[in-house]
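Here the structure is laid out as structure tokens; the discussion comes afterwards.
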Amino acid sequence: MSPTPFTMSDPVAPTGYSWEATSEQVAARYGIPVDRVVRFDLNTSPTPPDLAARILASGEFETSLSEYPPSDYRRLTEAAAGRYGVPIEEILVGAGADEILDIVAKTFLPAGGAAIVPVPSYAMYRVLTEQRAARLIAIPRLGADAGYAIDAARIRAATPEADLLWLCSPNNPTGLPEPDGTIASLLAAMLDDATADGRTAPVVVLDEAYAEFTGSSLHPLRASYPRLIVVRTLSKAYALAGLRVGFALAARPAIAAMEPYRPPGSVSTVSVTVATRALEDDAIVRDAVERVASERDRLTSALDRVGWHPGPSRTNFLLVAFESPERVAEVADGLLRRGLVPRTFPATHPLADHLRLTVRSTDEDDRLIAAAAELEAVREGTSR
Ligand SMILES: Cc1ncc(COP(=O)(O)O)c(C=O)c1O
């Protein structure tokens, strides 16, 4: 009997979160060597920038490893300010985008409050809302034909009830940014409504974890919507997920409100040093974005040829629709037996009949393409 595939399960209720299986667990469960396991489920990039290895080999870090990192992460903040084009006072450093999201929830989402999530989106928005004992207002996105865009009218109608709105563009797991102007118009309308009603407009989190792949950011909107918090990370385009470095970009009062909720030293000195240098280097993102875009096209066409049809993506991952959740379970099992870990979605999820697959290296993607071809051939064989 085949083991039940276990990949990243969506975390459940506050008492029962569970995170994705480790590569060691996958290897043990499917009886394969751990070095054959490839993560197509985490939207990470396979190769860290060369400078990371050089810095680690030199052993020269910004400050001695026997001391804490500077509590204001000054050099890292300056490097981020230069990279993103915002003043240092409008930046908050965190241990990955996830810690930033956590700090935002602690600061702005009171127990008993409410937060809007356009679904489907990044699973942590629901987790953090539930951890705060706040109510989740889930608003379905438009369908695949509309690029899974947010339903701005329904979001606007729900905002009087909400303390916080979680937005993600480009959206994980659907892979596309919001259409031009959608977020700007929504924010303007929300501000008008709040002014007319004499209430404070909700805090809006705009998670731009994948923004580098589109080459644009909406952080300038923080000038007109002071409760906008834009979230960035080095985990995706920079291929530095293991460093755990992320940022909030927001107007000064919003940064000042979050500052007391931030641990003083959650980003290690090693991470601070490598992240600073990576942000100062123009080539890293440029090269990574070019490589991902061409590999994404190649992977999309190759999967298409074997009968898997990825939707359009402006990120480093693809969303593939199958005819049923049962077929997804078969395919996921077939991939896992080959050491290839896809992102699946629980039965109740709107994308239960989809897989999400990260664009990785040419060799790793070739293994995925070969596995897809084999799984399709087996199916054709059995259906004859
Ligand atoms: C939309 C989104 N936000 C945040 C994160 C977490 O990023 P980090 O590694 O910086 O915590 C992810 C990771 O998959 C993501 O997809």
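Between a residue in segment 67-96 that is closer than 20 Å to Gly242 by Cα and any residue that is open to solvent by 60 Å² or more (accessible area, probe 1.4 Å) and in a helix (DSSP H, G or I), which pairs come within a Cβ distance under 6 Å, given they are 6 or more apart or on different chains?
Correct list of pairs: Ala79/Glu280.
Taking segment 338-359, which residues are more than 19 Å from Ala27 (Cα to Cα) and either of a type in the set (A, V, I, L, M) or not in a strand (DSSP E or B) (or both)?
Phe345, Pro346, Ala347, Thr348, His349, Pro350, Leu351, Ala352, Asp353, Leu355, Val359 - these are the residues of segment 338-359 that are more than 19 Å from Ala27 (Cα to Cα) and either of a type in the set (A, V, I, L, M) or not in a strand (DSSP E or B) (or both).
Inspect segment 127-135 for any residue being open to solvent by 20 Å² or more (accessible area, probe 1.4 Å), near the ligand (Cβ under 9 Å from one of its atoms) and hydrophobic (A, V, I, L, M, F, W, C) and give the result as yes or no. Reasoning before the result, please.
So the first thing to find is which residues in segment 127-135 are open to solvent by 20 Å² or more (accessible area, probe 1.4 Å), and the list is 130-133, 135.
With near the ligand (Cβ under 9 Å from one of its atoms) added as a condition, the list becomes none.
No; the residues of segment 127-135 include none that is open to solvent by 20 Å² or more (accessible area, probe 1.4 Å), near the ligand (Cβ under 9 Å from one of its atoms) and hydrophobic (A, V, I, L, M, F, W, C).
Give me the pairs, please: first residue somewhere in segment 261-290 and outside the structural domain of Phe213 (by TED's automatic domain parsing) and in contact (Cβ under 8 Å) with a residue 60 or more places away in the chain, second residue anywhere and of a type in the set (Phe, Trp, Tyr) and surrounded by fewer than 22 Cβ atoms within 10 Å (Cβ to Cβ), beta-carbon distance under 8 Å, and either six or more positions apart or on two chains.
Pairs found: none.
Is there a residue being in a helix (DSSP H, G or I), within 12 Å of the ligand (Cβ to nearest atom) and within 17 Å of the chain's Cα centre (by Cα) anywhere in segment 105-119?
The first filter runs over segment 105-119 and keeps only residues in a helix (DSSP H, G or I), leaving 105-108.
Next, from what is left, pick out any that are within 12 Å of the ligand (Cβ to nearest atom): none.
Within segment 105-119, not a single residue is in a helix (DSSP H, G or I), within 12 Å of the ligand (Cβ to nearest atom) and within 17 Å of the chain's Cα centre (by Cα).
Output the number of the condition that Val203 fails; it satisfies all remaining conditions of (1) touching a residue at least 40 places away in the same chain (Cβ under 8 Å); (2) open to solvent by less than 20 Å² (accessible area, probe 1.4 Å); (3) within 14 Å of the ligand (Cβ to nearest atom).
(3)
Residues being more than 18 Å from Tyr238 (Cα to Cα), open to solvent by less than 30 Å² (accessible area, probe 1.4 Å) and in a helix (DSSP H, G or I): count how many of those fall in segment 61-96.
1
Looking at segment 97-117, which of the residues that are touching an Asp or Glu at 6+ places or on another chain (Cβ under 7 Å) and of a type outside the set (A, V, I, L, M) is most open to solvent (accessible area, probe 1.4 Å)?
Pro110
Looking at Val320, is it farther than 17 Å from Leu42 by Cα, of a type in the set (Val, Ile, Thr), over 17 Å from the mean Cα position of the chain (by Cα) and not assigned by TED's automatic domain parsing to the domain that holds Lys236? Outline the logic, then answer.
Numbers: farther than 17 Å from Leu42 by Cα: no; of a type in the set (Val, Ile, Thr): yes; over 17 Å from the mean Cα position of the chain (by Cα): yes; not assigned by TED's automatic domain parsing to the domain that holds Lys236: yes.
So Val320 fails the test.
Criterion first (in contact with a Lys or Arg (Cβ under 6 Å, 6 or more places away or on another chain) and either buried (at least 23 other Cβ atoms within 10 Å of the Cβ) or among the basic types (Lys, Arg) (or both)) does Ala189 satisfy it?
Values: in contact with a Lys or Arg (Cβ under 6 Å, 6 or more places away or on another chain): yes; either buried (at least 23 other Cβ atoms within 10 Å of the Cβ) or among the basic types (Lys, Arg) (or both): no.
So Ala189 does not fit the description; no.
Condition check ((1) within 21 Å of Glu364 (Cβ to Cβ); (2) outside any helix (DSSP H, G or I); (3) open to solvent by 20 Å² or more (accessible area, probe 1.4 Å)) across all residues:
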| residue | (1), (2), (3) |
| --- | --- |
| Ala275 | no, no, no |
| Ile284 | yes, no, yes |
| Ala288 | yes, no, yes |
| Val292 | yes, no, no |
| Asp304 | yes, no, yes |
| Val331 | yes, no, no |
| Gly334 | yes, no, no |
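Could you tell me which numbered condition Ala239 fails, if it satisfies all but one of (1) touching a residue at least 60 places away in the same chain (Cβ under 8 Å); (2) in contact with a His (Cβ under 8 Å, 6 or more places away or on another chain); (3) not acidic (Asp, Glu)?
Only one criterion is unmet by Ala239, namely (2).
Scan segment 256-267 and tell me whether some residue there is open to solvent by 20 Å² or more (accessible area, probe 1.4 Å) and of a type in the set (Val, Ile, Thr).
no
Does segment 212-224 include one or more residues that are closer than 27 Å to Ala256 by Cβ, within 16 Å of the ligand (Cβ to nearest atom), open to solvent by less than 10 Å² (accessible area, probe 1.4 Å) and within 19 Å of the chain's Cα centre (by Cα)?
no
I need every pair where a residue in segment 147-163 that is of a type in the set (S, T, N, Q) has its Cβ under 8 Å from the Cβ of a residue that is part of a helix (DSSP H, G or I), sequence separation at least 6 or different chains.
Thr159/Met190; Thr159/Asp193; Thr159/Ala194
Just to check your reading of the model, which residue among Thr159, Thr200, Thr195, Thr129 is under 30 Å from Gly215 (Cβ atoms) and either hydroxyl-bearing (Ser, Thr, Tyr) or assigned to a loop (DSSP other than H, G, I, E, B) (or both)? Reasoning before the result, please.
Values: Thr200 fails: under 30 Å from Gly215 (Cβ atoms); Thr195 fails: under 30 Å from Gly215 (Cβ atoms); Thr129 fails: under 30 Å from Gly215 (Cβ atoms).
On inspection, the qualifying residue turns out to be Thr159.
The values are calculated or read from the model by the stated rules, or taken from the named source; none is laboratory data. None of the values given here were measured: they were computed from a predicted structure. As a convention, Cβ positions derive from the backbone with ideal geometry for all residues, glycine included, and neighbour counts pool all protein chains shown. With ligands, DNA and RNA removed, areas are computed over all heavy atoms of the protein, side chains included. Shrake-Rupley method; radii C 1.70, N 1.55, O 1.52, S 1.80 Å.
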